[in-house]
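Step one of this worksheet: look at the structure below.
FYI, it's all coordinate maths here, none of it is from the lab. This one's a predicted model, so the numbers in the text were calculated from it and none came from an experiment. Here the Cβ positions follow ideal geometry from the backbone for every residue, glycine too, while neighbour counts run over all protein chains shown.
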Ligand SMILES: [Zn+2]
């Protein structure tokens, strides 16, 4: 290969990698800020739950939310959707929102493009078949990481990417009080809180999250903070 050929090859590879990895990475904070601004205009707090549904913990979480009259958004894993379709139907019937989180929790940077795209489409099919009722509008990438295919998917698949701005790291905590305190201290209008109703890579008890949610909702009520699904907040915030 001539030096010109080598230079062209390196330039093309840099462009490709830039488009595939760097562009989504640069866009991520901008997408998060834009979303939070809309939720802030609506004066809402959005509780979001990833990685479920889980047969035990998600059912208990739905009981807590129902008792408190709170509406939340669930970013569901396709492989858990096909195992627990009844819980997905219950979420939708109770007025919660469901969104996609991939089928097998694939990391956008560590998965090949073909496998990644297959995972996205499998997740979409799982929700369409098991209770999504065609009203699925949101997508949250696993680990919050995206590649160029993620951007194409949400653009052509009519989904909106939802990141977060409050993360109490409930998945590694053993204390509901500590999780609730972290959220209550940081939450206000415009907060999108990242929580997990199931556990993916770590063996802590998801009951910690369920108990933390009960505590934080009591605090929200005393502070006059109103929770809603992400799409409800976005609709209210764009008026
Ligand atoms: Zn996840």
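A compact table of results
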{"item": "Relative contact order of the stretch 154-239, pairs being alpha-carbon contacts under 8 Å that are 6 or more residues apart, as %", "result": "30 percent"}
{"item": "For the stretch 125-203: rounded, prolate or oblate by the Cα gyration tensor [a/c cutoff 1.5]", "result": "prolate"}
{"item": "Per-peptide average of other Cβ atoms within 10 Å, ordering 157-164, 101-108 highest first", "result": "101-108, 157-164"}
{"item": "Crossing angle, helix 207-223 versus the chain [Cα axis fit, 0-90 degrees, rounded to tens]", "result": "70 degrees"}
{"item": "Sum of -39500 (n - 2.57) over DSSP H runs of 4+, divided by residues of the chain (222 nm, nearest 500)", "result": "-16000 deg cm²/dmol"}
{"item": "Angle in degrees between helix 176-186 and the longest Cα principal axis of the chain, rounded to the nearest 10", "result": "70 degrees"}
{"item": "The stretch 44-99, relative contact order in percent, only Cα pairs under 8 angstrom and at least six apart counted", "result": "42 percent"}
{"item": "Which of 230, 136 has the fewest Cβ neighbours within 10 Å, and the rest in rising order", "result": "136, 230"}
{"item": "Three-way shape call for the chain based on the alpha-carbon gyration tensor, with the a/c threshold at 1.5", "result": "prolate"}
{"item": "Residue among 209, 181, 111 with the largest mean-square fluctuation in a Gaussian network model of the chain, springs linking Cα atoms under 10 Å", "result": "111"}
{"item": "GNM result for the chain, Cα springs below 10 Å: residue of 57, 14, 228 fluctuating most strongly", "result": "14"}
{"item": "For the chain: relative contact order, % (alpha-carbon pairs under 8 angstrom, 6 or more apart)", "result": "31 percent"}
{"item": "Gain upon complete extension [residue 200, residue 177; 0.36 nm per residue less C-alpha separation]", "result": "6.1 nm"}
{"item": "Helix axis angle, 113-129 relative to the chain longest principal axis, alpha carbon, degrees", "result": "30 degrees"}
{"item": "Gaussian network model of the chain, springs between alpha carbon atoms under 10 Å - residue of 34, 124, 60 with greatest fluctuation", "result": "34"}
